[in-house]
Amino acid sequence: MDSATRETIREQLAGPRAQLEANLLNADLRECKLTDLGDIMLPFDALTQVYHQHGLSDFEQSIAFCNNLLGDIATEHISHFTGLSYVLAVYELMDEVTASYLEGNEDLSNFHQFLEKIQQTFKGVENVKAALAAPEQTIVQDMPPMDIVQDGSVSDFISEVTEGLELVEESLLELERDPGQLSLVDTVFRMMHTIKGTSGFLGMPTIGKIGHRTEDILGEIRDGKRGLDANVFDLMFRSVDTLKNLIAQLVAMVQGKPVEPVNIGKFFKALETVQGSLTEPGATPAPPPPRPPAASPGEAEESIEEVEESSASSEAPAAPAAEASGRKGSAGKIQEMLKVPAERLDELSNLVGEMVVALSLLTQNPVVFELADRNVHAQLDHLDKITESLRDKVLGIRMFPIGTVFSKLSRQVRDLSQKSGKKINLEVIGADTLVDKSIIDNIYAPLMHLVRNSIDHGIEPPGERGDKPEEGLVQLKAQHLGDAIEIEISDDGKGLDPVKLLDKAEEKGLVKNRESLTEKEIFAFIFAAGFSTAKVVTDISGRGVGMDVVRRTIESLRGKIDTQSKLGEGTRFSLKMPLTTSIIEGLVIAVGGHRFIMPILDVLQTITPTSGDLKGVQGKEDEFFLLAGEMIPILRLYEIYRIEPKITNPSKSVVVVVTAGNRKYGIMVDELLHRQQIVIQPLGERFKHLKGLSGGTILGDGRVGLILDPVSLIQGLHLHQES
Amino acid sequence: MGDKAKQLFEDSGGKLLTFIIGNQEYGIQILEAREVVGMMPIEPVPQTPKFMKGVINLRGSIIPVIDLRTKFGMEAKEATAESCIVKVDIKGRATGCIVDFLVGVVTIDAKEFEESPELGHNIHTDFILGMAKLDKRVIIILDMEAVLSNDELLEIHENHQTVEATKAEASAAE
C-alpha cells in the first residue's frame, strides 16, 4: 500500500472517526436511547465503506462485530452497559491499530489474535441471547456492575420489582376471577413495562427480556387482539414466577451467597403455547454453558490484557457461585423489607399515644403518687422509660431521610441550569434529617417549584451578577427544630422587589392601602393564586399557578412558609412543618367549659393585652389591640362557636396570636391550660365540612379535645362576611 | 318487602336490638348494632345541628354521638342512669346513638313484620323500615342508614351557617 492510498484512507476515515469520538466515547454506558445508537452506527457504516473500498477486511470484520453488538443492544438482547463496553474496547483498539497501520506497520497478527479472543469472550455475553431462545434452559445472570450495587440502585430495583410482582400477582388473580376488569391488564402492563425499562437501564437483560415478552402479550390483550384464555394466565404466572426466581438469584449474587441457576425455559414454553408458534425445540442453538464466563463488562473496557485474562478464565470456567462470591468484595447489603399497610402503623402509633396518656394518668393518680413504697415508683419510672422509647421507635418507623428528595432535586437542578444557561452550584445541607413518610411523599413537588423559581427568577443570567460569583448558589437545607422540621431553599440571586410586588398586587386588586403593609405581608403575595411577576413566561416557571399550590401543600402538611428576601442579595424560603403529621405539639386552651387544642406551630405568641392597648370603633372599644405598633383584630372564640364564656373582657383573657393568609389575628380564649403532645385523629366524614376544626384527640383525662385550625377558622369567617 | 327489610330477615335472621325512646319501643337490625355503652362525657362540637351531641372517646377512637330524641323531633331530656349509647356501624362509619332505655334482643318472624305503617306526626316516616307486632308490643324498626344519612346533617349545617352569616352581617352593621 503506497503512502498516497494511506493518505486517502486517513482522509476518508477522519470524518467518521471524529463523529465516533463525539458520539461513542461520550455515550453514557448506562443510559442511551435508540437514537444514540443510530448516531454510533452511522459513522460505523461510513468506516465500513472505506475499509471495504480498500480491501481492509480485518477492520471491516471488527466493525461488523461492533454493529452486531449495537443491534443486540437495540433489540435488548444484551444490556447497554455490556454491549457498549465491548464496542468501546473493540473500537479503541481498532482505532489504534488503524493508525499504526496507516503509519506503515502492516502486521495485523496481534489484532487478529485480539479479535478472536474478544469474540470468544463475547460468546459468554451472547449466551444470554441463546439461552433466552432455548426452550429448556437454566441461566445464571451476570453480576450487575459494582457501582450500581454500591449506590443501592440494585437494592432499590430488587425491592421495586418484588413489590411490583406482588401487585401483578394480585391483579392476575383478581383478573382470573373477573376477566371483565380490563383496567387490571393495564396495571400489569405498566408494571411489566417498568420492570423491562429499569432492568434494561441497570443492565439485566434476562429480566428485561422476560418483562418485555410479557408486556408484548399484555399489549395485545389490551388492544383487544388477544383474549384472556387459560394459556395466557399460565404464561403470566410463569412470567411472575420466573422473574421472582431471577430476582432471588440476583439477591443471592449481590449478597455473595451460592447462586442457583434459574430455569427460564418454562416461561418460554408457556410463551410458545400462547403464541401458538410450533417452533421445533431442536431448531434452537445448542445450549451454551449456563454462565457467561467472566464476561464482566467493566473489565472489557479497560485494556486488552484484561480481556485476555478474562478469556483465559473462560477456558476453565469457574463455578458461577464461587465466582459471584469472589466478586462480592464490598458487596452492597440488601435489607429485607416488609411492606405493611400504612393504616396498621397509624393504628400502632395511635395506640402508643394512648398508652403514654394512660400511663401519665396512672403516675399522676393521687393514690399512686402518695404510695410510700419506693419500689412502686422505681417500677413506674422504668415503665415510663420503656413507654417513651417505644413511642420514639414507633414514630421512627415512618421516618426517612429527606436526602432522597434532595437528590431527586439535584438532578433537576442540573437540567434546569443547562436549560436556562445559568451556572448553578447546588449546596445540600442536612440530607440525613429524618422526616415522616407523608412529608417525603408530598414535599418534592413544592420544593421543586421553589428551586425552579430560584433558578428561573432568582439567579441572574451570567454577566448580570455584578460583584457576586458568576456561579449562582442555591442552597437546600434541612434541620430539626424541636418537634418540627425546617427546610430552607435559598439563593443568592436578585431577590424580591417589594415595589414591583406591590404594583402587581394592586393591579390584581389584592391591596387597598399599600402603605400599611409590612415587607412580610408583601412577600406573602407571591403565594396568592394567579400571581406572577415574571415578565416572560418561560417553560420553567412564571405562570403563577404554582406558588399557591406550594402554599396549600405545605399547609396540608400543617406547615408554614416564611419568605425573606433582600433586593440584589437573594431570597430564602423557609418551610416549617411538624415532624410527623399524626402527632403534634399543642396548646390546650379553655373557653367556657370547652377545651380546644391550638397547634403550637400556628401560635406566634400569647398575650394578655392591657386595657390601654385595646382599640376599636365607638361602642365597641375592644375590637382590636395594639401589638408592637400593629393593630390586631380580636376574634372571640366564644362568639364564633356560641359558647357561654367565663370572660368577655380581652384585658382579662388570653389572646393567642396567629397568622392566616398574610395577616395576624388574635384569638381570644379564657385561659391557657398546658402544652402537650397530641395524637391527631380525624373527626370523620360527618364533620369534614366544619370550618376551623382539623381533628380531635384524646386528652389526659380521657375526654376528647377538638383541634383548632386557625387558618380555616379565619377563612370561614371571611366567607361569612362576604356572603 | 323492600331490600332492607329482606336483609333484616336474611342477614340478621330477624333479630332486633330494641330500646325505648319516650314511650315507644324501637328496634334496629342486630347486625348494625356494634355495642352498647353507658353514658359518658360527650364533648360538644360547635357549628353542628342540635341532635349532634358531640364526640366521645370510645376506647381510643373518637366517634360522633347523636341524640335520637332530638333527631326524631322529640323534646330533649337530661340523660338518666338508664340512658345509654348504642354504637351502630353503617358502611364502616361508626356513630353512637343515645337512647333512653335498652330493652334487649328480640327475634321476629316475617309474618309479624309490617311495612310502611301510618304513624302520627311526631315521627319521620322516612326513618322507618317497618313495624313488628308481638303480643302487646309494637316495635318500630328503624332504617339506620336513613337516620344517619349525611345529607340531612349537611343541610342543617348549611342553615346553621346562614344564621352565622346573618349574625356576622348584623355585627358588621353595628
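The values are calculated or read from the model by the stated rules, or taken from the named source; none is laboratory data. Please read all numbers here as calculations on a predicted model, not as lab measurements. Neighbour counts run over all protein chains shown; Cβ positions are idealised from the backbone, glycine included.
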### Query
If you take the residues in the stretch A:624-644 that are surrounded by fewer than 19 Cβ atoms within 10 Å (Cβ to Cβ) and not aliphatic (A, V, I, L, M), which one is modelled with the highest pLDDT?
A:PRO633
### Summary
Filter the stretch A:576-594 for residues that are modelled with pLDDT of 80 or more and part of a loop (DSSP other than H, G, I, E, B); the one that is nearest to A:GLU639 (Cα to Cα) is A:GLY592
#### Entry: Index of the failed condition, A:VAL185 passing every other in (1) closer than 21 Å to A:ALA248 by Cβ; (2) at pLDDT 80 or above
(1)
### Summary
The condition of being in contact with a Ser or Thr (Cβ under 9 Å, 6 or more places away or on another chain), part of a helix (DSSP H, G or I) and in contact (Cβ under 8 Å) with a residue 12 or more places away in the chain holds, among A:SER454, A:SER410, A:SER417, only for A:SER454
### Message
Cβ contacts < 8 Å: first residue more than 22 Å from A:LEU575 (Cβ to Cβ), restricted to the stretch A:497-524; second residue β-branched (Val, Ile, Thr) and part of a loop (DSSP other than H, G, I, E, B), any location; separation 6+ or different chain. Result?
### Response
A:ASP497/A:THR533; A:LYS500/A:THR533; A:LEU502/A:VAL511; A:LYS504/A:THR533; A:ALA505/A:VAL511; A:LEU517/A:VAL511
#### Entry: Criterion violated by A:GLN715 - all others in (1) in a strand (DSSP E or B); (2) away from chain B (no Cβ under 12 Å) satisfied
(1)
### Message
Based on this model, can you work out whether B:GLU43 counts as within 14 Å of chain A (Cβ to nearest Cβ) and out of contact with any helix residue (DSSP H, G or I) (no Cβ under 8 Å at 6 or more places or on another chain)?
### Response
yes
### Query
Is there a residue in the stretch B:16-37 that is under 30 Å from A:SER349 (Cβ atoms), within 14 Å of another protein chain (Cβ to nearest Cβ) and in contact (Cβ under 8 Å) with a residue 24 or more places away in the chain?
yes
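One line per residue, one yes/no per condition, for (1) modelled with pLDDT of 70 or more; (2) in contact with a His (Cβ under 9 Å, 6 or more places away or on another chain); (3) surrounded by 16 or more Cβ atoms within 10 Å (Cβ to Cβ); (4) closer than 30 Å to A:LEU250 by Cβ:
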| residue | (1), (2), (3), (4) |
| --- | --- |
| A:ALA321 | no, no, yes, yes |
| A:ALA324 | no, no, yes, yes |
| A:LYS328 | no, no, yes, yes |
| A:GLY332 | no, no, yes, yes |
| A:LYS339 | yes, no, no, yes |
| A:ALA342 | yes, no, no, yes |
| A:GLU347 | yes, no, no, no |
| A:ASN350 | yes, no, yes, no |
| A:GLY353 | yes, no, yes, no |
### Query
Which of the residues spanning the stretch B:96-106 are surrounded by 21 or more Cβ atoms within 10 Å (Cβ to Cβ) and closer than 20 Å to B:LYS15 by Cβ?
B:CYS97, B:VAL99
### Message
I'd like to know if the stretch B:104-114 contains one or more residues that are farther than 30 Å from A:GLY684 by Cα, touching a strand residue (DSSP E or B) at 6+ places or on another chain (Cβ under 9 Å) and part of a loop (DSSP other than H, G, I, E, B).
### Response
yes
### Task
Sort out which residues of the stretch A:625-677 are part of a strand (DSSP E or B) and within 14 Å of chain B (Cβ to nearest Cβ), and write them in order of number.
A:PRO633, A:ILE634, A:LEU635, A:ARG636, A:ILE667, A:VAL669
### Message
What's the total number of residues in the stretch A:557-596 that are out of contact with any strand residue (DSSP E or B) (no Cβ under 7 Å at 6 or more places or on another chain) and within 14 Å of another protein chain (Cβ to nearest Cβ)?
### Response
3
#### Entry: Filtered residues of the stretch A:688-699 (kept if farther than 14 Å from A:LEU713 by Cβ and facing chain B (nearest Cβ under 7 Å))
A:GLY696, A:ILE698
### Query
Is it the case that the stretch B:65-76 has a residue that's free of Cβ contacts under 8 Å to residues at least 40 places away in the same chain, at negative phi, of a type in the set (Val, Ile, Thr) and within 14 Å of chain A (Cβ to nearest Cβ)?
yes
### Message
Name the single residue that is surrounded by the most Cβ atoms within 10 Å (Cβ to Cβ) among those in the stretch A:499-518 being more than 21 Å from A:LYS566 (Cβ to Cβ) and of a type in the set (Gly, Ala, Ser).
### Response
A:SER516
### Query
Consider A:LEU690 against the criteria (1) of a type in the set (A, V, I, L, M); (2) surrounded by fewer than 22 Cβ atoms within 10 Å (Cβ to Cβ); (3) in contact (Cβ under 8 Å) with a residue 12 or more places away in the chain: it satisfies all of them except one. Which criterion is unmet?
(3)
### Message
Anything in the stretch A:556-609 that is more than 29 Å from A:LEU473 (Cα to Cα), free of Cβ contacts under 8 Å to residues at least 60 places away in the same chain and in contact with a helix residue (DSSP H, G or I) (Cβ under 6 Å, 6 or more places away or on another chain)? List them, or say none.
### Response
A:PRO609
### Query
How many of the residues making up the stretch A:85-104 are among the polar types (S, T, N, Q) and more than 19 Å from A:LEU69 (Cβ to Cβ)?
1
### Task
Return the residue satisfying two criteria in turn: it lies in the stretch A:678-687 and is outside any strand (DSSP E or B), within 21 Å of A:ASP602 (Cα to Cα) and within 9 Å of chain B (Cβ to nearest Cβ), and of such residues it is farthest from the chain's Cα centre (by Cα).
A:LEU683
### Close pairs (6 angstrom Cβ cut-off, 6 or more residues apart or separate chains): at positive phi in the stretch A:196-222, among the β-branched types (Val, Ile, Thr) anywhere
none
### Summary
Over the stretch A:336-373, the set of residues in contact (Cβ under 8 Å) with a residue 24 or more places away in the chain, of a type in the set (D, E, K, R) and within 14 Å of chain B (Cβ to nearest Cβ) is A:ASP346, A:GLU354
#### Entry: Selection count where residues are in contact with an Asp or Glu (Cβ under 7 Å, 6 or more places away or on another chain) and in a helix (DSSP H, G or I), scope the stretch A:207-227
4
### Query
Being buried (at least 21 other Cβ atoms within 10 Å of the Cβ) and hydrophobic (A, V, I, L, M, F, W, C), is that true of even one residue in the stretch B:34-41?
no
